[in-house]
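Beneath this line is the structure, given in structure tokens, with notes to follow.
Each value in this text was obtained by applying a stated rule to the coordinates, not by laboratory testing. From a predicted model like this one, the values you see are computed outputs, not experimental measurements. Virtual Cβ from ideal backbone geometry, glycine too; neighbours counted across all protein chains shown.
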């Protein structure tokens, strides 16, 4: 019986954010994607060696014996170390075991350790303090091409601006309003507000697909298993790329309604930038006003594409379809991006946990969303923040002034409520959160004070037993929660983006 060789690029995020400048981060992400999408599938393989899949920093090959494994590992290590990647391997006759136990680590260590720290990264030694290490330089230029243009090649060609537009279209590469031309254009594309949304998305129930195959009484033959893994990986990547592309196009369409890009031969810098798109992972930086526009469209298209006739048979564990969830962080562009991504990923994990609740057997998890907005430069965790600011004990019940995370269906209700609250004066809206944080008697006094002029709002927030059933409060397992503050948060972020600060 043959052997599966599974590789895993160790510390992808650490690699991507190792140089804390956006153009180097973009290049690091492009290197990982290119390694999976171009370099691994094109390795010169021997007879009976087979490339099964590579995406999201992971991949698998099939070899007939140990000698072929050793030879192939050498090739992959050489390719990985050319770009400064740490890589680890797992080998087993079982694909699942090889993938789960990839613990044979081969880190990148520069051959020459003499010199001074590289001026761009401070990571690797170079001959003089004006030089940039060759490994770091590959984030900017690789094989003669600009790595910052990598995702343009994947998505820009399909983006429509306005009929007749003949100019050049770019994703932003810099958002420094006081920097060069690229920086000023990037800042302008983000609304001249020094804020953006960091979006992390991940497909649901992928592990369940493998567990389902393992649970079948009639197991797939080795050849059929390889075909299934290969087909599933390719289909998953297609779903992700199409979802990201559709989300980008939808953002551009909505943004263009206000930006009014004219028919010209000039350059247009778009208000969005893909960082990672591969496997079932999406990481995107976006103009804060259009973050949910991207998320909702990507969720819709991902699910719709997964139900295509040629794909639906691949997801037997979830009745022939897949869903994807999202974590969205609204923050200042100067917050270190590696910290912002980690925070957004914790929001994503929260959303995925919500999506698994109350799911019927053989049905996909609910597409879910969690989001947070921060203006601080020091951050903790979403759970700690909410526990500190939005959750408290009052009488027999625990009061939760948020319903996040929520399913996509629940989010649409929150959005509609936010639209309704736009009519309420900002002076009243700003009083709601501190008033709902107060004890029951004070909450009651505040709701009574607004009843005359804002009866609908009174009905939503009053938690007196007489009005509780018709309000926006919900009591479940002794937790009294509301969606009102979540709706106001969306309004607040939108209002924040209306005033330019740079």
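Spin-label model, residue 227/residue 308: points 7 Å from Cα along the beta carbon direction are separated by 1.9 nm. If R0 is 41 Å, the Cβ-Cβ spacing of residue 46 and residue 101 corresponds to a FRET efficiency of close to 0.95.
Consider the candidate values [x] -0.26, -1.20; [y] -0.33, -1.30; [z] -0.26, -1.33; state which one is log10 I(q)/I(0) by the Debye sum over Cα atoms at q = 0.06, 0.13 Å⁻¹ computed from the structure displayed. Label [y] holds the value from this structure.
With contacts taken as Cα pairs under 8 Å at a separation of at least 6 residues, region 390-492 carries a relative contact order of 39 percent.
From the Cα gyration tensor of region 18-165, with a ≥ b ≥ c the square roots of its eigenvalues, which class applies: rounded if a/c is under 1.5, or else prolate if a/b is larger than b/c, or else oblate? Intermediate values should be presented prior to the final figure.
Details: a/c = 2.44, a/b = 1.21, b/c = 2.01.
It comes out oblate by the Cα gyration axes.
Rounded, prolate or oblate, given the Cα gyration tensor of region 390-492, with a/c below 1.5 counting as rounded? Can you show the working numbers first?
Details: a/c = 1.56, a/b = 1.05, b/c = 1.49.
Oblate.
For region 178-201 versus region 318-361, the spacing of their alpha-carbon centroids is 23 Å. For the Cα atoms of the chain, what angle does the longest principal axis make with the long axis of helix 206-215, in degrees from 0 to 90, nearest 10? With rounding to tens, the tilt is 60 degrees.
Exposure proxy for 198, 64: other Cβ atoms within 10 Å of each Cβ, ordered fewest to most, give 64, 198. For the chain, the longest principal axis of the Cα atoms and the long axis of helix 408-421 meet at an angle of about 40 degrees. Ellipticity at 222 nm from helices only: DSSP H runs of n ≥ 4 in the chain, each -39500 (n - 2.57), divided by the residue count, give -13000 deg cm²/dmol. Residues 96, 221, ranked from the fewest to the most other C-beta atoms within 10 Å, line up as 221, 96.
Each of residue 419 and residue 64 was given a label point 7 Å from its Cα along the Cα-to-Cβ line. The distance between the two points is 6.3 nm.
Mind ordering 481-488, 331-338, 44-51, 272-279 by average Cβ neighbours within 10 Å, highest first? Don't skip to the end; give the middle numbers.
Numbers: 481-488: 22.8, 331-338: 17.0, 44-51: 12.5, 272-279: 25.1.
Highest-to-lowest ranking by the protection proxy: 272-279, 481-488, 331-338, 44-51.
Suppose R0 equals 30 Å. What FRET efficiency, 1/(1 + (r/R0)^6) with r the Cβ-Cβ distance, do residue 375 and residue 426 give to the nearest 0.05? Can you show the working numbers first?
Values: r = 17 Å, r/R0 = 0.57.
The calculated FRET efficiency here is 0.95.
In this structure, residue 466 and residue 153 have a Cβ-Cβ separation that, at R0 = 60 Å, corresponds to a calculated FRET efficiency of about 0.45. Compared with the dominant principal axis of the Cα atoms in the chain, helix 440-450 is inclined by about 70°.
Hey, what did the chain get for relative contact order, percent, Cα under 8 Å, at least 6 apart? Don't skip to the end; give the middle numbers.
Working: 882 pairs, mean separation 64.2, N = 502.
Relative contact order of the chain: 13 percent.
Label zone (residue 456, point 7 Å along Cα-to-C-beta; backbone nitrogen cut-off 12 Å) within region 423-439: 423-425. Taking max minus min of the alpha-carbon positions on each principal axis, region 159-380 gives extents of 64, 45, 27 Å, largest first. Spin-label model, residue 433 to residue 394: label points 7 Å out along the Cα-to-beta-carbon direction sit 1.6 nm apart. The order of 79, 6, going from fewest to most other C-beta atoms within 10 Å of their C-beta, is 79, 6.
For region 339-438, averaging the sequence separation of C-alpha pairs within contact (under 8 Å, six or more residues apart) and dividing by the residue count gives a relative contact order of 27 percent. Put simply, when 284-292, 83-91, 207-215 are sorted by average Cβ atoms within 10 angstrom per residue, most first, you get 284-292, 83-91, 207-215. Please work out the C-alpha center-to-center distance from region 12-76 to region 232-255 and express it in whole Å. Distance between centres, Cα-based: 23 Å.
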